[in-house]
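A.B. asks: Take this structure first; my questions come after.
The values are calculated or read from the model by the stated rules, or taken from the named source; none is laboratory data. These numbers were taken from a predicted model, which means no experiment stands behind them. Glycine gets a Cβ as well: all are built from the backbone with ideal geometry, and neighbour counts include every protein chain shown.
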């Protein structure tokens with residue numbers, strides 16, 4: 001089978017399976033399986049694909065046709081311009097979440113050597129991206145999942161931020177690590193950021209198969225109203241932030257006013273909502289009074 005024939009086969013199979021971006025996904029899987037660039041493909045599309053690479057490609061196409069996310073097949077996801085390893089232990093980093101990172105960077109302007117806590121860190125993409133953008137920063141990522149923390153540690157190691165990162169197995173602030181932070185003012189954080197589970201439990205079954213069948217359920221389920229983690233984190237946050245510290249959340253498109261109220265009841269000030277590139281509410285940011 002030539003490169004051209006393989007790609008046509010992949011495109012047709014994904015189209016028939018109802019994959020929305022069937023042409024793009026078929027190409028990316030061919031590039032991944034055969035290690036070819038578009039320039040090489042256009043110059044050598046009639047080259048025969050080696051049998052091992054051909055079999056791998058067809059297997060990848062079969063998996064994608066069965067709704068396995070592209071990123072779980074390639075184990076590659078791009079976020080803030082960096083490549084992250086992902087698997088089924090973590091949410092796939094999404095472009096919308098880059099708005100949260102950008103708002104954190106704004107909040108850290110003028111803060112020397114900021115300390116960052118990323119609660120519900122998952123792949124570590126938020127914390128690691130922030131540390132890559134602010135080379136004077138250090139931080140911690142906490143998660144309830146051991147497997148997620150292994151993925152986060154792998155990404156920090158690969159991208160060169162491991163020495164500035166702590167990864168903590170914790171159900172929110174339950175780990176002994178946080179008791180010490182709570183007691184020592186000088187160890188508290190300038191930034192507490194979180195992209196917590198925020199999907200209402202009853203809605204999860206209506207999500208795409210890529211999400212509901214392959215993203216970890218504990219990273220999606222925000223409880224009956226989707227607000228459980230916002231309440232829990234906000235109620236505890238003051239004990240781990242420096243005076244004037246910032247708390248930033250990713251939020252669902254319809255959660256802005258509820259999260260604003262939670263932050264206000266938690267004693268936070270200067271609360272504001274930031275929209276994503278689609279014009280949807282995406283980030284809630286607030287400040288702990290000095």
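A.B. asks: Does residue 97 fit the bill of being in contact with a helix residue (DSSP H, G or I) (Cβ under 6 Å, 6 or more places away or on another chain) and under 30 Å from residue 230 (Cβ atoms)?
C.D. replies: no
A.B. asks: Among (1) surrounded by 21 or more Cβ atoms within 10 Å (Cβ to Cβ); (2) closer than 18 Å to residue 96 by Cβ; (3) touching a strand residue (DSSP E or B) at 6+ places or on another chain (Cβ under 6 Å), which single condition is residue 152 missing?
C.D. replies: Every listed condition holds for residue 152 apart from (2).
A.B. asks: Can you confirm whether residue 29 is at pLDDT 95 or above and crowded, with 17+ Cβ neighbours inside 10 Å?
C.D. replies: Considered against the rule, which asks whether it is at pLDDT 95 or above and crowded, with 17+ Cβ neighbours inside 10 Å, residue 29 comes out as yes.
A.B. asks: Being within 15 Å of residue 118 (Cα to Cα), in contact (Cβ under 8 Å) with a residue 24 or more places away in the chain and in contact with a helix residue (DSSP H, G or I) (Cβ under 6 Å, 6 or more places away or on another chain) is the filter here; which residues of segment 143-168 pass it?
C.D. replies: Within segment 143-168, 143, 155, 156, 161, 164, 165, 167, 168 qualify.
A.B. asks: So, one more: Identify the residue in segment 120-142 that is in contact with a helix residue (DSSP H, G or I) (Cβ under 6 Å, 6 or more places away or on another chain) and over 20 Å from residue 77 (Cβ atoms) and, among all such residues, is surrounded by the fewest Cβ atoms within 10 Å (Cβ to Cβ).
C.D. replies: Among residues in segment 120-142 that are in contact with a helix residue (DSSP H, G or I) (Cβ under 6 Å, 6 or more places away or on another chain) and over 20 Å from residue 77 (Cβ atoms), the one surrounded by the fewest Cβ atoms within 10 Å (Cβ to Cβ) is 138.
A.B. asks: Out of 242, 185, report the one residue that is touching a strand residue (DSSP E or B) at 6+ places or on another chain (Cβ under 7 Å) and either surrounded by 17 or more Cβ atoms within 10 Å (Cβ to Cβ) or over 21 Å from residue 71 (Cα atoms) (or both).
C.D. replies: 242
A.B. asks: Just to verify a result, which residue in segment 32-49, among those that are outside any loop (DSSP other than H, G, I, E, B) and touching a residue at least 40 places away in the same chain (Cβ under 8 Å), is surrounded by the most Cβ atoms within 10 Å (Cβ to Cβ)? Let's see the steps before the verdict.
C.D. replies: So in segment 32-49, the residues outside any loop (DSSP other than H, G, I, E, B) come out as 32-34, 38-44, 48.
Subset that is touching a residue at least 40 places away in the same chain (Cβ under 8 Å): 32, 44, 48.
Working: 32: 18, 44: 13, 48: 12.
Only one residue fits best here, namely 32.
A.B. asks: Where in segment 50-134 are there helices (runs of 4 or more DSSP H), lying fully within it, with 3 or more residues that are touching a residue at least 24 places away in the same chain (Cβ under 8 Å) and assigned by TED's automatic domain parsing to the domain that holds residue 196? Spell out the reasoning first.
C.D. replies: Numbers: elements: 51-65, 70-74, 98-107, 125-133.
Of the helices (runs of 4 or more DSSP H) lying wholly inside segment 50-134, those with at least 3 residues that are touching a residue at least 24 places away in the same chain (Cβ under 8 Å) and assigned by TED's automatic domain parsing to the domain that holds residue 196 span 98-107, 125-133.
A.B. asks: Let me ask another. Within segment 256-274, track down each residue that is touching a strand residue (DSSP E or B) at 6+ places or on another chain (Cβ under 7 Å) and either in contact (Cβ under 8 Å) with a residue 24 or more places away in the chain or outside the structural domain of residue 194 (by TED's automatic domain parsing) (or both).
C.D. replies: 256, 259, 260, 263, 268, 274
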